[in-house]
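Report on one structure; see the data block that follows.
The values are calculated or read from the model by the stated rules, or taken from the named source; none is laboratory data. Fair warning: this is a prediction, and the values are worked out from it, not measured in the lab. All Cβ positions, even for glycine, are placed from backbone atoms using ideal geometry, and neighbour counts span all protein chains on display. The protein model used for the area step is the full one, side chains on, heavy atoms only, and it has no ligands, DNA or RNA in it. Shrake-Rupley method; radii C 1.70, N 1.55, O 1.52, S 1.80 Å.
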Amino acid sequence: MTNTTESTTTTTTTPPGGSGHRTARPAGPAKPPPGLRAWVTRAPLMPALIFLIIVTQLPMVATLVISVFDWNALYPEARSFAGLANYGEVLGDPELRKSVFTTILLTVTVVLVSLVLGMLLALLLDRRFRGRAAVRTMLIAPFLLVPVAAALLWKHVLYNPEYGLFNGVLHWILGDGAAQPDWVAEMPLGAVEASLVWQWTPFMMLILLAGLQSRPTEAVEAARIDGAGAWQVFRYITLPHLRRYLELGALLGTVYIVQNFDAVFTITSGGLGTANLPYSIYQTFYQGHEYGTASAAGVLVVIGSIIIATLALRVVSSLFREEATS
């Protein structure tokens with residue numbers, strides 16, 4: 001008969017006195033393998049990852065699939081595979097090319113003007129004065145508005161030729177003979193650009209203000225001791241330091257303004273030469289019912305946005321590296 005006993009792992013210790021007394025201690029629980037520990041650590045993030053894939057990646061895959069089909073919603077039975085023909089139509093359509101030019105003009109104007117105004121406001125808020133916190137809060141407010149609400153505000157409260165604030169100020173200053181222009185009809189693209197500049201200037205101001213507050217004070221004080229004026233300090237110290245922040249603001253602003261739809265749709269409904277690429281895609285999809293062509297145009301917009309966003313991420317990473325080494 002064989003006696004079977006459970007084997008237990010024990011550890012032995014020998015007292016310093018050299019006696020042969022050994023104390024048995026039970027071993028702790030076995031550690032899970034590294035791969036299992038990694039999955040246990042990441043498991044709480046899985047629901048968020050799955051949700052993100054469902055709401056972002058699956059629609060993108062569906063858009064890619066639709067973009068290679070000749071698909072008109074009014075004639076669903078005539079749907080057929082078109083390959084890259086939709087992309088060729090998008091790139092060859094004169095109306096879509098015009099909307100691309102309008103998008104570039106709108107984006108460049110809004111980004112540049114917003115950067116200049118944001119720089120001026122950031123320089124103002126970098127100084128100490130009574131009520132600075134309240135002024136900063138009020139200047140940030142336009143960026144916090146819903147884009148459609150901001151566009152409606154400009155269209156009805158400011159631009160309206162009958163009861164708008166702009167014409168009211170002209171009448172108040174110049175009297176009964178003051179001109180009462182229809183701002184949207186006479187300067188449609190400028191009207192859209194002004195509303196976007198008003199909304200995006202606070203964003204640029206916040207980025208540049210962060211850059212100003214990270215400026216090395218020792219260099220500024222040394223320059224002032226050496227007799228440098230305010231313009232020289234700004235030109236040779238402040239502006240070079242803000243170069244990365246200016247690039248970041250320009251890239252992030254470009255990513256968002258290229259995709260802007262609300263202001264164009266609300267203020268001008270895409271008329272009078274203000275139809276940008278997102279609005280043209282909307283017209284192609286919802287009014288022309290050309291699902292394939294609209295999807296191809298949307299894919300091209302996404303590719304352009306990804307390229308710009310990649311540049312923005314590189315600028316952000318370089319900023320972090322500079323902060324870490326300074």
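Of Val90, Val65, which residue is touching a Leu at 6+ places or on another chain (Cβ under 8 Å) and under 19 Å from Val302 (Cβ atoms)? So that I can check it myself, show each step before the final result.
On the way: Val65 fails: touching a Leu at 6+ places or on another chain (Cβ under 8 Å).
So the residue among Val90, Val65 that is touching a Leu at 6+ places or on another chain (Cβ under 8 Å) and under 19 Å from Val302 (Cβ atoms) is Val90.
Pick out, from region 225-326, the helices (runs of 4 or more DSSP H) lying fully within it that include 2 or more residues that are within 19 Å of Leu208 (Cβ to Cβ) and touching a residue at least 40 places away in the same chain (Cβ under 8 Å). Write out each step before concluding.
Details: elements: 230-233, 243-258, 277-282, 291-325.
Counting at least 2 such residues, we get 243-258, 291-325.
Of the residues Leu206, Leu248, which single one is open to solvent by less than 60 Å² (accessible area, probe 1.4 Å) and touching a helix residue (DSSP H, G or I) at 6+ places or on another chain (Cβ under 8 Å)? Step through it out loud before you land on a result.
On the way: Leu206 fails: open to solvent by less than 60 Å² (accessible area, probe 1.4 Å).
Every option except Leu248 fails the conditions.
If you check Ile267 against the conditions, is it more than 19 Å from Met60 (Cα to Cα) and of a type outside the set (S, T, N, Q)?
Numbers: more than 19 Å from Met60 (Cα to Cα): yes; of a type outside the set (S, T, N, Q): yes.
For Ile267, the condition - more than 19 Å from Met60 (Cα to Cα) and of a type outside the set (S, T, N, Q) - is met.
Residues of region 268-289 being among the hydroxyl-bearing types (Ser, Thr, Tyr) and either touching a strand residue (DSSP E or B) at 6+ places or on another chain (Cβ under 9 Å) or at positive phi (or both), which ones?
Here is the first cut: in region 268-289, the ones among the hydroxyl-bearing types (Ser, Thr, Tyr) are 268-269, 274, 279-280, 282, 284, 286.
Hits for region 268-289 are Ser269, Thr284.
Right, Leu206: under 25 Å from Gly273 (Cβ atoms), of a type outside the set (Val, Ile, Thr) and touching a residue at least 60 places away in the same chain (Cβ under 8 Å) or not?
Details: under 25 Å from Gly273 (Cβ atoms): no; of a type outside the set (Val, Ile, Thr): yes; touching a residue at least 60 places away in the same chain (Cβ under 8 Å): yes.
Against the criterion (under 25 Å from Gly273 (Cβ atoms), of a type outside the set (Val, Ile, Thr) and touching a residue at least 60 places away in the same chain (Cβ under 8 Å)), Leu206 does not qualify.
Hey, can you tell me all the residues within region 58-101 that are in contact with a helix residue (DSSP H, G or I) (Cβ under 8 Å, 6 or more places away or on another chain), of a type in the set (A, V, I, L, M, F, W, C) and part of a helix (DSSP H, G or I)?
Met60, Leu64, Ile66, Val90, Leu91, Leu96, Val100
Being at positive phi and more than 19 Å from the chain's Cα centre (by Cα) is the requirement here; does Gly292 meet it? Don't jump to the end; show me each part of the working.
Details: at positive phi: no; more than 19 Å from the chain's Cα centre (by Cα): yes.
Taking the combined requirement at face value, the residue does not satisfy it.
What tally of residues in region 64-78 results from selecting those that are among the acidic types (Asp, Glu) and surrounded by 14 or more Cβ atoms within 10 Å (Cβ to Cβ)? Can you show your working first?
Residues of region 64-78 among the acidic types (Asp, Glu): 70, 77.
Checking the rest, the ones that are also surrounded by 14 or more Cβ atoms within 10 Å (Cβ to Cβ) come to 70.
Selection size over region 64-78: 1.
When you look at Phe81, is it open to solvent by 40 Å² or more (accessible area, probe 1.4 Å), of a type outside the set (Ser, Thr, Tyr) and touching a residue at least 60 places away in the same chain (Cβ under 8 Å), yes or no? Even if it seems obvious, please write down each step before you answer.
On the way: open to solvent by 40 Å² or more (accessible area, probe 1.4 Å): yes; of a type outside the set (Ser, Thr, Tyr): yes; touching a residue at least 60 places away in the same chain (Cβ under 8 Å): no.
Judged against the criteria, Phe81 is not a match.
Regarding Tyr236, is this residue farther than 30 Å from Val65 by Cα, open to solvent by 20 Å² or more (accessible area, probe 1.4 Å), modelled with pLDDT under 90 and aromatic (Phe, Trp, Tyr)?
Taking the combined requirement at face value, the residue satisfies it.
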